[in-house]
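What follows is a single structure, written as structure tokens, with notes after it.
The values are calculated or read from the model by the stated rules, or taken from the named source; none is laboratory data. Note that the structure is a prediction, hence the values are computed from the model and not measured. Positions of Cβ are backbone-derived with ideal geometry, glycine not excepted, and every protein chain shown enters the neighbour counts. When the accessible area is computed, the model is the full protein with side chains, heavy atoms only, and any ligands, DNA or RNA have been set aside. Shrake-Rupley method; radii C 1.70, N 1.55, O 1.52, S 1.80 Å.
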Amino acid sequence: GPLPEAALRDLVRTRYRLAVRDEARLVAYLARRTEGNALFATELLRALEEQGAVDAGGVRLDALEAIAVPPLLRQVIEGRILRLGAGAEGLLEIAAAIGQGVPLDTWVAVAQVDEGAIEQVAERALAAGLLTGARDGAGVEFAHALIRETLYEGIPPMRRRRLHRQVAEALAAMREPAPDAVASHFQRAGDARAATWLVEAGWRAYRSFAYETARTRFEEALPMITATERARALLALSTLDRYRQRGIRYAEEALESAQAAGDAMLAAVAQFRLGITLSYHGRFRAALQAMKAADDVLDAVPDAMLPDFYSVPGLTFTREWRRECRVSVFAFCGQWREVFALFGGTLEAMSVLSGLPEATGALGICNAYAFLGRPEEARRAIARARAVFVERRDNIGALSTFTIEGCLVLLPYLLDDKDARQRYEQELAHATWQLEEALGTVPPHFNHGPLLIAAGRWAEARALWAQRRADAPRIDRVWNIPHVGAMARAQGERLEAWALVSEGLPGGLLTAPGTSHFIALNLQCLAARLCLDAGDRDGARQWLEAHARWLDWAGEEAHWGRADGRLAWAEYYRAGGEIALALQHAEQALAHAGDPHQPLALLAARRLLGELDTDAGRHDDAARHLAESLALADACLAPYERALTLLAMADLRAATDENETARALLDVVKAICAPLGAQPTLARADVVATRLPSG
């Protein structure tokens, strides 16, 4: 009987002294290629040693490429085949060309002999242990992959190509041919007909949500196809790789192929696809221009006359779907009025959300509602988008909705809602598990780093951020950038923080509103605070004025960033000793943070008011503000925010000569901030400590 994996592991350990990872790799290789056959396993190890895949001392393992069947095994297998009688080897070679599993009707068609001759050989091979039979009697399988390999390697190359062509033709002639199998055999035969079948296999995989297989088939077909067929395959690839830079390249090539073929409608479709892909990379102005140019052609065509993409999700290009895509782009870059116009001109008209067939528009509307300060509507929109992704079994899309929900809804509006956090964390864990089951890994840019930062788990957040893909689109990195930038500032990493400001706002102070994701508004306040840290009040004012221009452009409907902007202005005036103006802006920040409820902004506004009251000697008012700030920090489970508030409370206690209480508070601040590496806050704590009398 076959050796279990544990026995194969023992076999490896008795012969070699490999590292744990290499040992596991070798055991898995043996299990896959030998299926536990003891003779095959020992001979395969011998062959690996002879070819240098395992070194003489057995401590190093190189690449485990497929090797020829070891000589002893070949002799054993060939001996069995010879005992089957004349003609058997030739028929078994045909079976080996067909594959590991051999349908009898295909075997008969390729061999061009009567069914009885095939049955006789099959029965003798079954008795010899070379084949096993299917339960329905419609086919056979080789008893072991190495048996098939022995036969296959013995076929002369020219005959092998001819056999593969015959197998492909036989499979293609069946009632419901499998495109993958037909394409594979035509490829091995070097037959140009492989291209058509590769494309068909790609579309079939795409419709079945087998996206990795679809990508592979289309890429294999590209060198062999031209004109409209090439343009369509490129459109699919640009959709599959929309999160990578090459997705833009595929869309551009699709447009070129469609134009070269003289197909104006397909060219317009490709141009719209290019616009969508550009939007994923934060190139909103170019995206909208491409979409507008495409709409000028596509709007004149009834949906029924649009190119047939086999009803593939994401490649329908109907009027409704194109409207949803425009909604998404407009919402991402803060163009609320354009979003309203697409839904009848009012915010309330967006209630048609419940009827949207795609996730694209729902994601855009989630952005719009979040930036407009309507978190409950944003939650409903994200739930709609998630439901569409789940229905399609699009695990990547479903997980991406949690990144968006965390940054746009949970963090700004619901962080102090215990039930909302618990629900989110449970659903996020389930979605992550589903994606790991499907792909084996989770793309690093789909992470919950901002929530980890809020929770004080900075080492974990940094580890996730370090894994980010260099070619990940800006639209995915943008969720993390403001939070990672704030963490970098809190750790005294000023150069890193400035680099993140530059990444999120490529035009710096001159970045025009509507050309970057509206969440980049947060980075303008971060830049102003970095300037204040360096004593550059003029630079801080310029960044805050840029922030104000964005808010003016967005209009009164937009609530996002207003509280933080007022808070940053208050810090600016405080740094210049203009306390009355600082107090005025801090109170305005508090008002904005309460409508709608924004717990992190509220606690920061309360803390600053407490600090201003401490400076002014209004100690009772300061204590009230700081107590409310601390309660919010605790409700949000935000340790760093708690440390900042405790530091302000220590300063208040020092001002009222409650020195022992102040020392105790400073000890807690240091206990929180030291593991976080929050050096600037630790330095501020030391300054407060120097004001306390010794002893």
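Brief remarks follow.
- Highest-first packing order for the peptide set 324-331, 452-459 is 324-331, 452-459, based on the mean count of other beta carbon atoms within 10 Å.
- Cα convex hull of the stretch 219-309 - mean projected area over all directions, nm²: 5.5 nm²
- Short-range pairs are left out: with C-alpha atoms under 8 Å and at least six residues apart, the relative contact order of the chain is 7 percent.
- Put simply, when 575-582, 542-549 are sorted by average Cβ atoms within 10 angstrom per residue, most first, you get 542-549, 575-582.
- Stretchable slack from Ala127 to Asp634, in nm (0.36 nm times residue separation minus alpha-carbon distance): 175.1 nm
- Kirkwood Rh (inverse of mean 1/r, distinct Cα pairs), the stretch 630-695, angstrom: 11.8 Å
- Close amide H contacts of Gly139 (hydrogens built in the peptide plane, cut-off under 5 Å, sequence separation of 5 or more or a different chain): Leu104, Ala134.
- Gap separating the Cα centres of the stretch 316-342 and the stretch 517-586, nearest whole Å: 30 Å
- Looking at the chain, the accessible area is 43 square angstrom per residue; that uses a 1.4 Å probe and ignores ligands, DNA and RNA.
- Rg/Rg_ref, the stretch 1-152, where Rg_ref = 2.2 N^0.38 Å and atoms are Cα: 1.19
- Rg and Dmax [Cα atoms of the chain; Å; Rg one decimal, Dmax integer]: 32.9, 108
- The accessible surface of the chain, taken with every protein chain in place and a 1.4 Å probe, is 52 percent carbon and sulfur.
- Working ranking of peptides 562-570, 37-45 by packing, defined as the average number of other Cβ atoms within 10 Å per residue, highest first, is 562-570, 37-45.
- Contact order relative to length of the stretch 486-575, as percent, for alpha carbon pairs under 8 angstrom and 6 or more apart: 25 percent
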